[in-house]
Each structure stands twice: as structure tokens, then as C-alpha cells.
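Down below is the structure, laid out as C-alpha cells.
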Amino acid sequence: MPDSHLPPVEELLSAAVTALGGSERAGQITMVQAVQRAIDTEEHVAVQAGTGTGKSLAYLVPAIRHAMGTDSPVVVSTATIALQRQLVDRDLPRLAETLAKELPHEPSFAILKGRRNYLCRYKATAGWPEEDEQDQLFDPRDVSATGRMVQRIQEWAEETQTGDRDELVPGVSEQAWRQYSVSAQECLGAQRCPSGAECFAEMARARAGEVDVVVTNHALLAIDAMGEIPVLPEHEVVVVDEAHELVDRVTSVVTGELSEASVSLAVRRVARLIDQPVADQLMEAGEDLKALLAAAPAGRIDELPEVLGLTLALVRDSAARCVTAMGPRGADKDDPERAGQRKAAFTALDEVHDTAVRMLEAYGHASEEDRAEVVWLEDGTDRRPPILRVAPLNVGGMLRDKLFGERTVVLTSATLALGGTFDGMARQWGLSGDKGWNGLDVGSPFDHPRAGILYVAKHLPQPGRDGLPQQYLDEITELIEAAGGRTLGLFSSMRAAKAATEALRDRLDVPLLCQGDDSTMLLVKQFAEDEPTCLFGTLSLWQGVDVPGPSLRLVIIDRVPFPRPDDPLTSARQRHVQARGGNGFMTVAATHAALLLAQGTGRLLRSMDDKGVVAVLDPRLATARYSGFLLGSLPPFWRTTDPAVPRAALRRLSGT
């Protein structure tokens with residue numbers, strides 16, 4: 001390998017750990033060797049590394065070494081902004097400074113996001129198509145608030161050096177930001193755009209092409225892998241951190257949507273560029289779609305109703321006629337303003353046309369096992385019309401061909417081995433049955449059986465559909481009282497979290513916060529800083545809370561987090577697996593639940609000194625036939641179903 005002249009990866013890790021004031025851990029050493037071996041052999045590797053392993057360092061060190069030796073950047077992809085910021089603001093600067101003494105030069109790094117995340121200088125100064133939402137009703141206060149946000153963006157635009165939306169604090173609404181940003185499809189391109197020489201997105205991409213490590217997100221990674229035009233610099237190695245979220249993020253990228261709003265936007269953009277009668281045909285098709293979706297029931301659409309098929313065909317054909325009426329796509333290249341208007345119109349028309357085509361092609365399969373995509377209708381709200389969506393039943397084939405087929409991929413997370421095996425995640429990634437990849441669990445530095453108790457309330461009734469039973473509220477009350485507060489309550493729905501909060505605020509003498517009372521970031525900060533405080537919430541708290549220390553002694557989970565039976569995508573995927581002879585419940589529903597349970601229980605121990613209890617109120621975790629699979633996915637806490645044990649342990653910890 002070209003990097004053979006560089007110090008061994010173990011030596012670089014040791015130097016980094018020493019310089020950063022840490023101590024080497026067995027799991028970290030095992031992981032750094034596994035990542036280096038994957039790079040050397042060009043075989044993919046999935047590494048489960050528990051909290052406290054130091055996995056960021058364990059993949060960054062071999063990644064930097066490879067980039068130095070081959071003069072080819074390594075891409076690190078994350079699912080959350082929080083981890084991106086941790087890597088770019090803390091981990092990489094400290095590591096780069098440390099390794100500069102061991103390597104030919106100080107390692108360099110940059111963050112790269114999708115074009116929508118950067119201010120478009122041309123759109124901010126030129127006559128771009130209005131992004132108004134004139135067909136929707138807005139509260140005047142919202143319009144006023146948006147106006148103030150627009151003013152702030154204009155002022156910030158005069159001084160920003162990066163154009164990165166995340167540097168605009170406090171943030172602004174999507175409606176306001178959309179007036180100053182363009183998608184990759186709408187962009188004129190650096191050569192044709194009058195502001196191309198000073199384009200923030202192009203400058204960010206240029207920086208990314210010159211560094212050793214490029215930090216990005218799963219969505220952009222998917223767009224780069226599956227799109228025709230690369231958006232990331234050419235690279236041989238990808239590290240996917242928070243890899244348990246890769247499939248969901250990729251699915252979001254490739255999900256299409258069609259609504260009255262998307263058709264109306266296309267009509268507004270094209271109306272000024274073509275003959276009115278042609279644009280009117282698309283407008284009428286959009287009105288037909290609006291009326292149809294308003295009257296249709298929400299949910300999965302397994303068979304294509306004749307009226308929907310006719311309406312989708314009308315939308316498709318009307319959009320195609322508009323595209324034809326627009327003329328050649330490269331026209332007006334010498335008139336940037338008109339070129340911008342045409343590019344925006346083509347983008348909106350293509351989205352409407354191509355999505356209608358996908359939806360029509362989702363039907364007509366010979367059998368259920370041949371179905372490739374699912375279509376469903378999502379209910380509207382007071383402020384948003386109903387939306388028709390289409391998504392693939394499986395993205396594994398796309399990932400296998402487009403991501404894993406082109407480069408070496410390192411996948412890592414604290415939660416990958418579900419039921420004690422990597423098979424479930426490998427199946428979702430498209431690696432199941434393939435050679436050329438390895439799975440490795442490097443463990444955790446935490447002594448789970450000594451530091452934590454997993455208590456399953458086997459004596460409680462099974463959760464029902466009618467909210468939290470009184471026995472659950474009594475159990476939660478007694479556990480929180482024993483812990484002296486210090487509780488993170490993870491609920492399967494926002495309705496359950498709010499119901500528990502309302503029911504218990506009068507029964508508890510400790511502060512009780514609920515997700516939605518304020519921004520999640522501020523609530524977590526308040527929870528961490530005031531020991532007796534409790535915080536109740538739902539999905540984002542299951543995966544996003546990192547509160548080490550005495551403020552968190554008890555994690556309560558109300559029920560096994562199976563997907564809702566009426567969830568269109570997961571229910572369709574489950575049925576598809578069954579049609580192909582598999583176990584749809586275990587492959588889809590139980591795997592989903594195991595992943596979230598593992599993430600939720602992982603909130604308890606965040607540092608070496610942490611101790612506490614995870615209490616799962618759902619007795620099915622102890623009694624159901626699938627409980628072994630779920631328990632095999634969780635950290636190895638000491639387990640009990642005796643209600644007295646966790647109460648006594650919590651009282652000891654709280655000193656009461």
C-alpha cells in the first residue's frame with residue numbers, strides 16, 4: 001500500500017491518546033486495527049462500539065493515515081448535526097494538532113453539506129422566481145415573523161464568510177431560508193451563474209477537495225452515491241458513523257412526494273415562460289389532484305384506483321407538455337436572470353412529472369413479492385394539504401450497487417448487532433449473504449452488570465391503545481420518587497409523553513419537563529443542570545440525549561417501540577418480506593423495536609462513573625416469544641423483574 005512508509009496505526013493512536021490526556025482501551029485498539037485492516041484489504045467492516053469506547057478516534061486515525069498515504073480524502077458521514085459539530089469543532093482539530101508531529105503534514109479537514117444549506121449569492125441579489133406560497137393561508141403573525149427572519153438573513157449575507165445556514169444563530173424558518181437558497185437541480189452552475197466565482201457552495205466543495213477528511217451527512221452521501229453528478233470529492237474510503245440510521249436517511253432522500261403545493265409551484269414557475277393554455281392544463285390537473293386527495297382516506301394504497309390513475313396520468317402528461325413548451329434546456333445561457341427562471345421551472349416540472357411516473361409504475365406487478373415501491377397518502381393539516389408519497393420497499397440493492405460497490409465502507413455505531421448478530425442490519429444495507437464484509441463487536445468499557453439494572457415490570461398489564469393504564473402511572477411515580485427525580489422518560493408517542501406529564505406533575509414534587517415545552521436542546525440543558533429535574537419525551541430523546549453524571553439515574557421506557565401497525569412504509573415492508581417467504585414481523589417490526597430499545601437503554605451510562613436503572617414498563621420484554629431477540633440487542637445490564645430491587649437501588653443512589 002502507498003501508506004506503508006507511515007507509522008503503524010497503533011503507534012499513531014497511542015500518540016493521540018497520550019497527547020489528549022486519555023488512556024488506551026482494549027475496544028479502541030481492536031477497532032482501530034479492524035478499520036485499518038478493512039482499508040488494507042478493501043473489505044467492508046461493521047463495528048459495534050459501545051459508548052465510551054472512543055470510536056471517533058478509532059476510525060479517524062486510520063482514515064487520516066490512509067488520506068496521507070494516498071493523497072485521497074476519506075469521507076466521514078454522520079446522521080446528526082451534533083456529531084458533525086463534535087467532529088469538526090473538537091475531535092478533528094485536537095487530533096490534527098497531535099498527529100502533525102507524526103505525519104508529513106498537519107491533517108486537514110472540512111465539512112460539506114447539501115447545496116440547500118448555503119446562501120445563494122445570486123438568488124439573494126437577482127430577480128429569481130418568487131418562492132411565495134400564495135395558495136396557502138398563513139397567520140399574519142407568521143408572515144410578520146418570516147419578514148423579520150428575511151431581514152436577518154439579508155444582514156447576515158453582508159458579513160458571512162461561509163454562507164452556511166448553521167452559522168445563522170438563532171436559526172430561521174424553512175420558508176424564510178428558501179428565498180435565499182437553491183437546490184442542486186435549480187443551480188445554474190458555477191460557469192453560467194454571475195455569482196459563480198464567489199459561490200459559497202462551490203467554495204465549500206473546493207475546500208473539501210483539498211483536505212484529508214471530509215465530514216458530511218448520510219443524505220448527501222446518498223445523493224452523491226446515487227446521483228449522476230458527484231457532489232463529494234473523489235474518494236476510496238467512507239466511514240459511516242451512526243450507521244444504524246443510514247437506511248432511514250437514504251430512504252428519505254429517495255422518497256418522492258406529490259401534492260397540490262408541488263404542482264402549484266411548478267405552474268407558478270412555468271406560467272411566465274410558456275403559452276398560458278399549456279400552463280393552464282397543468283393547473284387544472286393540479287386542481288383535480290387537490291380535490292381527489294382531499295376526499296381520499298389517508299394510508300397505504302395497495303391497488304391503484306382508476307380515478308387516481310387517470311389523475312396521475314393527467315399530471316404526468318401536463319407536466320411533460322410544459323417541459324416541451326419550454327424548449328431546449330440550455331437556452332438563454334447568455335441571460336442569467338431568464339436562465340435562472342428556466343432552471344427553477346424545469347426543476348419543479350421534472351419533480352412533478354417524475355414522481356407521477358414513479359407512482360404509476362409502482363403498480364402492475366405480477367405478485368406481491370415483485371412489488372418494488374409503496375404509495376401512500378399522508379393526511380393534511382390546517383396549514384398543509386394532503387401529500388401523496390412513494391418510497392422503495394428496500395434500499396439495500398441501491399446501497400450495495402452505488403455505495404458498497406464503489407468504495408471501502410466502515411460502518412459503526414453503538415447499536416448494530418441486533419439479537420446478538422449483524423445479520424439484520426446487513427440485510428438492510430444490502431450486504432446480507434455477501435462476502436467481502438466483516439462484523440465486529442468491540443464491546444464497551446462500561447461494566448454494565450455492576451453499573452446498571454434492567455428492570456422489566458413483568459407484573460404490569462400489557463400496554464393498550466387507550467393511553468397509559470393507571471398502574472403504569474403509579475409505577476412511574478414510585479420509581480421517580482425513589483430516584484429523587486433524575487429521570488429520563490422515553491415514550492412511544494408524544495401523546496403518551498404529554499399524558500404522563502399532565503398526570504404526574506401534581507403527584508411529584510420534582511420539576512417535570514416535557515418535550516415541546518421549549519426547544520429540545522434547551523430542555524436537555526435544563527435537565528442536565530438541575531439534578532432533581534425529570535424530562536419526558538419521544539423519538540429524538542431516545543437517540544439524542546447525552547447526559548453523564550448524577551442528573552440521570554433512571555431511564556423509563558413505557559413500551560416496546562414497535563412501529564405503528566398503520567405505518568404505511570414499515571407495514572408494506574413487513575408484508576413484502578412475508579410474500580418472499582421471510583418472517584416479516586421479526587425482520588421489520590422486531591428489528592425496528594430492538595434498534596430503538598438499544599438506543600434508549602444506551603442513554604443511561606454515558607461516563608465511567610454513571611450508575612442507575614433502566615425500567616421497561618412493558619411486560620412483553622420478559623414474556624413474549626420475541627423477548628430473547630430484543631434482550632439480546634441490549635447492553636448486558638443486570639436483569640430483574642422484582643419491583644423492590646430497582647426501588648432500593650435508586651434510593652441508595654439518591655441517598656434517601
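The values are calculated or read from the model by the stated rules, or taken from the named source; none is laboratory data. The structure presented is a predicted model; accordingly, all values stated were derived computationally and were not measured. Quick reminder, even Gly has a Cβ in these numbers, built from the backbone with ideal geometry, and neighbours come from all protein chains shown. We work out accessible area using only protein heavy atoms, side chains counted, and drop any ligands, DNA or RNA first. Shrake-Rupley method; radii C 1.70, N 1.55, O 1.52, S 1.80 Å.
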Problem set entry | Members of segment 507-558 found to be open to solvent by 10 Å² or more (accessible area, probe 1.4 Å) and under 20 Å from Leu468 (Cα atoms), listed by number | Arg507, Leu508, Leu512, Leu513, Gln515, Gly516, Thr538, Leu539
Seminar exercise, completed: Leu523 passes all but one of the listed conditions (1) under 23 Å from Ala615 (Cα atoms); (2) in contact (Cβ under 8 Å) with a residue 24 or more places away in the chain; the exception is number (2)
For this session: Can you run down the residue pairs with Cβ atoms below 6 Å, 6 or more apart or on separate chains, where the first is in segment 197-213 and part of a loop (DSSP other than H, G, I, E, B) and the partner is modelled with pLDDT under 90?
Result: Cys199/Ala190
For this session: Name the single residue, out of those in segment 573-586 being assigned to a loop (DSSP other than H, G, I, E, B) and over 24 Å from Leu621 (Cα atoms), that is least open to solvent (accessible area, probe 1.4 Å).
Result: Gly581
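Restricting attention to strands (runs of 3 or more DSSP E) lying wholly within segment 415-506, give those where 3 or more residues are over 18 Å from Gly50 (Cβ atoms).
Answer list for segment 415-506: 487-490.
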Problem set entry | Leading residue by the ranking (farthest from the chain's Cα centre (by Cα)) among those in segment 520-564 that are part of a loop (DSSP other than H, G, I, E, B) and among the basic types (Lys, Arg) | Arg553
Exercise. Which of the following residues is in contact with a Gly (Cβ under 7 Å, 6 or more places away or on another chain), closer than 30 Å to Ala366 by Cα and either open to solvent by less than 10 Å² (accessible area, probe 1.4 Å) or at pLDDT 95 or above (or both): Thr591, Thr570?
Worked result: Thr591
Exercise. Applying the selection to segment 163-192, what residues are part of a loop (DSSP other than H, G, I, E, B), buried (at least 16 other Cβ atoms within 10 Å of the Cβ) and modelled with pLDDT of 85 or more?
Worked result: Gly163, Leu168, Val172, Ser181, Val182
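Just the residues that are within 23 Å of the chain's Cα centre (by Cα), part of a loop (DSSP other than H, G, I, E, B) and not hydrophobic (A, V, I, L, M, F, W, C), please, taken from segment 231-285.
Selection gives Pro233, His235, Asp241, Glu242, Thr255.
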Exercise. Any chance segment 88-99 includes a residue that's closer than 20 Å to Val215 by Cβ, among the small types (Gly, Ala, Ser), open to solvent by less than 20 Å² (accessible area, probe 1.4 Å) and out of contact with any strand residue (DSSP E or B) (no Cβ under 6 Å at 6 or more places or on another chain)?
Worked result: yes
Problem set entry | Candidates Leu246, Leu265, filtered to the one that is crowded, with 24+ Cβ neighbours inside 10 Å and either in contact with a strand residue (DSSP E or B) (Cβ under 7 Å, 6 or more places away or on another chain) or of a type in the set (D, E, K, R) (or both) | Leu246
Exercise. Does Ser493 satisfy being surrounded by fewer than 17 Cβ atoms within 10 Å (Cβ to Cβ) and closer than 28 Å to Pro532 by Cα?
Worked result: yes
